[in-house]
Amino acid sequence: MLHPMQETAIEIRDVAHRFGSETTALSPTSLTVRRGELLCLIGPSGCGKSTLLNLMGGLLPIQTGSVTVMGEKVAGPMPHRISFVFQESTLMPWYTVLQNIELGPIFQGASKAGLRARAEAALQAVGLSEFANHFPSQLSGGMRQRAALARVLCLDTDIILMDEPFGALDEQTRMVLGEDLSVLLSRTGKTIVFVTHSLGEAVFLADRVAVFSARPGTIKTIVEVNAPHPRTPEFVTSPEFAELRNRLYTELHEEIRRTMGPGMRAAAAGADGGRVQA
């Protein structure tokens with residue numbers, strides 16, 4: 001029997017995507033997502049990271065190539081297998097936090113038997129038990145994202161797709177939520193694909209980081225992060241963390257330059273003598 005991290009959760013083969021007749025959002029791309037891993041997607045703005053995530057989750061039609069999830073071909077949303085966390089928490093403001101957590105399984109068609117206990121367990125997992133009867137407007141941004149994460153935990157899908165879920169939060173809150181997510185990954189064994197623009201966030205969270213080229217993007221390289229979950233704050237100050245972050249910076253530098261116009265490239269080269277400052 002294969003170890004879970006050797007099994008395939010998502011298989012992407014030669015997938016490309018266009019918006020309209022002129023905009024190529026994603027060049028042909030292939031990728032295997034391992035069961036139980038956290039895979040980060042990182043790259044320049046507009047390189048196709050979110051497009052690929054939406055193709056995995058069936059939110060965009062497959063134009064060319066194929067995507068399979070746990071052996072099932074993707075032809076549309078798969079709520080029985082995949083749940084999403086977006087940059088905005090998308091909580092219903094007229095429901096309490098607990099009621100919001102219960103909504104997901106109800107929409108999924110789950111039985112109401114035992115639902116309250118599941119929702120309460122999910123809130124406990126993200127440290128929000130004492131805020132169960134609060135409304136979203138009474139929570140901070142970080143707490144609302146915790147509630148969004150509790151909602152997908154209550155859905156209990158094997159796969160979670162996360163599109164810059166901490167992008168609108170301050171750096172300190174992002175760090176704390178990253179630690180919490182690492183703990184949850186170690187406890188639940190969920191398969192998570194996580195889009196981010198933050199090099200440090202990618203290194204801290206990921207088992208592997210897929211680095212995209214500039215648009216029309218495809219995966220340029222994959223960087224392994226061989227550190228066990230849960231990750232601790234001490235990992236951030238380790239030589240391994242710094243080395244991996246610097247490697248991602250090097251891989252991305254040329255791609256980001258390619259997204260600039262000739263005038264911007266010349267100005268940037270003149271400002272630093274052709275060197276990019278860290």
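Bear in mind these aren't lab numbers, they're just calculated from the coordinates by the rules spelled out. Computed from a prediction, not measured in an experiment: that's the story for all the values here. Every residue, glycine among them, receives a Cβ derived from its backbone with ideal geometry; neighbour counts consider all protein chains shown.
So here's what we get for this one:
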{"item": "Local electrostatic count at Phe86 - Lys and Arg +1, Asp and Glu -1, tallied over other residues with Cβ under 11 Å", "result": "-3"}
{"item": "Among beta bridges that DSSP assigns inside the chain, antiparallel share in %, nearest 5", "result": "55 percent"}
{"item": "Charged-residue dipole, Cβ positions (Lys, Arg, Asp, Glu), region 77-147 about Cα centre, Debye nearest 20", "result": "160 debye"}
{"item": "Per-residue Cβ neighbour rank within 10 angstrom, fewest leading, Ile82, Ile106, Ile12", "result": "Ile106, Ile12, Ile82"}
{"item": "The chain - percent relative contact order, Cα under 8 Å, separation 6 or more", "result": "24 percent"}
{"item": "Sequence-separation-based contact order of region 90-156, relative, with Cα cut under 8 Å and 6+ spacing, percent", "result": "49 percent"}
{"item": "His134 versus Glu234: modelled label distance in nm, points set 7 Å from Cα along the beta carbon direction", "result": "3.2 nm"}
{"item": "Alpha-carbon centroid distance for the pair region 49-127 / region 189-235, whole angstrom", "result": "21 Å"}
{"item": "Degrees separating the helix 262-272 axis from the principal Cα axis of the chain, which is the longest one", "result": "80 degrees"}
{"item": "Dipole in debye (nearest 20) - the chain, about Cα centre, beta carbon charges: Lys, Arg +1; Asp, Glu -1", "result": "440 debye"}
{"item": "Cross-link reach list, aspartates and glutamates versus Lys73, counting only Cα pairs under 19 Å and skipping chain neighbours closer than eight places", "result": "Glu7, Glu11, Asp14, Asp158"}
{"item": "With Cα atoms, 0 to 90° folded angle of helix 239-258 axis to the chain main axis", "result": "60 degrees"}
{"item": "Local electrostatic count at Ser129 - Lys and Arg +1, Asp and Glu -1, tallied over other residues with Cβ under 15 Å", "result": "0"}
{"item": "16 Å reach of a label modelled at Asp170, 7 Å along Cα-to-Cβ, counting backbone N of region 119-152", "result": "139-145"}
{"item": "Calculated FRET efficiency for the pair Phe86/Asn226, C-beta based, R₀ 22 Å, to 0.05", "result": "0.15"}
{"item": "Cubic angstrom per residue, convex hull over Cα atoms of region 90-156", "result": "72 Å³"}
